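This report concerns only the one structure given below.
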């Protein structure tokens, strides 16, 4: 019943936002910047963004796990239709060990660098690119320390529904092809479809994956509505497939969000809800949810 009442409040807020929205509300895209920024070749060329992902709960018996995972992102418009993107994540974890003593660790993820070609045709915007990770994420040699470090990476990915899994895969080089389509309407509605495919290439047997190279496919669909001139409400649905990685073969998630701000600065709150195994249903016992608070600015 408390869960039903909570969703009822969310539904009421969403309905109220739609009722109050102006007839010609502006739409912001799902990404913190517009895919069609190529029309402004000499303005707002630099974008910096960041978020903090958080989770706290019991995953094994009475063992408590807390993770705080910051993520930094920079985008720079190199030319009329070419954008460079750099993403780097980190993770701090505090867990109870089998002996009951808490252990903690801070780990760096894999930096991700991608180049995108972007354009626009009517109401449709599109982007296609190529990205690669640098294998910075590693696990220590000591078995006990390795368990805690692996938890830091596992939870950083899980609280995001395993999206951008390549940031958190230790001892791995990944090659990713990202594709994005969006449609924005003058009424304020926005739809998006996103597909990222690529290969996870393991460099060291410390990595839990049994295959040397794993294929990954990340699919996402988004719907948003610009409720007021400064507030957008919406949700993203994602499915991440790693067919040969049995422990993390599929992950389905939904992520309702609020985005507030204008062109040059924004803030966002997202709640990731894992729907199925291995990390869902998020609010069941021993499962993983994620709260993501972020923001950014353009120059």
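The values are calculated or read from the model by the stated rules, or taken from the named source; none is laboratory data. Worth saying up front: this structure is predicted, and the values here are computed from it rather than measured. Here the Cβ is made from the backbone with ideal geometry for all residues, glycine too, and neighbour counts use every protein chain on show.
Evaluate the following for residue 65: is it under 19 Å from residue 167 (Cα atoms), in contact (Cβ under 8 Å) with a residue 12 or more places away in the chain, in contact with a strand residue (DSSP E or B) (Cβ under 8 Å, 6 or more places away or on another chain) and buried (at least 19 other Cβ atoms within 10 Å of the Cβ)?
It is false that residue 65 is under 19 Å from residue 167 (Cα atoms), in contact (Cβ under 8 Å) with a residue 12 or more places away in the chain, in contact with a strand residue (DSSP E or B) (Cβ under 8 Å, 6 or more places away or on another chain) and buried (at least 19 other Cβ atoms within 10 Å of the Cβ).
Which condition breaks for residue 28 when tested against (1) crowded, with 17+ Cβ neighbours inside 10 Å; (2) at pLDDT 50 or above; (3) not in a strand (DSSP E or B)?
(2)
Return the residue satisfying two criteria in turn: it lies in region 158-175 and is touching a helix residue (DSSP H, G or I) at 6+ places or on another chain (Cβ under 6 Å) and outside any loop (DSSP other than H, G, I, E, B), and of such residues it is farthest from residue 72 (Cα to Cα).
Going through the qualifying residues, I end up with 174.
Identify, by number, the condition in (1) at pLDDT 95 or above; (2) outside any loop (DSSP other than H, G, I, E, B); (3) over 17 Å from the mean Cα position of the chain (by Cα) that residue 183 doesn't meet.
Status for residue 183: all satisfied but (1).
Which one is nearest to the chain's Cα centre (by Cα), of the residues in region 186-207 that are more than 20 Å from residue 113 (Cα to Cα) and crowded, with 17+ Cβ neighbours inside 10 Å?
The extreme case among them is 192.
Kindly establish whether residue 265 is surrounded by fewer than 21 Cβ atoms within 10 Å (Cβ to Cβ) and more than 27 Å from residue 149 (Cβ to Cβ).
The answer is yes for residue 265.
How many of the residues making up region 186-228 are out of contact with any helix residue (DSSP H, G or I) (no Cβ under 9 Å at 6 or more places or on another chain), assigned to a strand (DSSP E or B) and either without any contact (Cβ under 8 Å) to a residue 12 or more places away in the chain or more than 25 Å from residue 122 (Cβ to Cβ) (or both)?
8
Table: residues versus (1) in contact with a helix residue (DSSP H, G or I) (Cβ under 9 Å, 6 or more places away or on another chain); (2) closer than 25 Å to residue 159 by Cβ; (3) assigned to a strand (DSSP E or B).
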{"site": "103", "(1), (2), (3)": "yes, yes, yes"}
{"site": "116", "(1), (2), (3)": "no, no, yes"}
{"site": "138", "(1), (2), (3)": "yes, yes, no"}
{"site": "141", "(1), (2), (3)": "no, no, no"}
